[in-house]
């Protein structure tokens, strides 16, 4: 099994809708034609919807349990699978918007709102 297999299995879990899943931990030898080798595999799962925190969704226990059971029944016996949510992978960015004085026709508030909408789309590309 490779990383794409794990990500596909995760997305196909019945009863849950993932916005994103990312697999790490599967390795292949550099410069080798040998297949990837399994060992511990970590899946980062982001739900598509979260009623509690819609702008930064986190999986609840039912979501993780469903994925855990589904992946566990399809993994190789020698593969240990870990699930994690995006809260363990914090990242951020800072943006500074500037424009020439002659182009300042819009209010700073409307520009700020547009930038916030853009940054949310950047952070959650599925929406």
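A straight chain from residue 24 to residue 2 at 0.36 nm per residue would run longer than the Cα-Cα distance by 7.0 nm.
A simple spin-label model places pseudo-atoms 7 Å from Cα toward Cβ; at residue 113 and residue 49 they are separated by 2.7 nm.
What the Cβ-Cβ distance of residue 12 and residue 76 gives, at R0 = 22 Å and to the nearest 0.05, is a FRET efficiency of 0.80.
None of the figures in this text is laboratory data; all of them are computed from the coordinates on show. Bear in mind the structure is a predicted one, so any value in this text is a computation, not a measurement. FYI the Cβ positions are ideal-geometry reconstructions off the backbone, even for glycines, and counts take in every protein chain you see.
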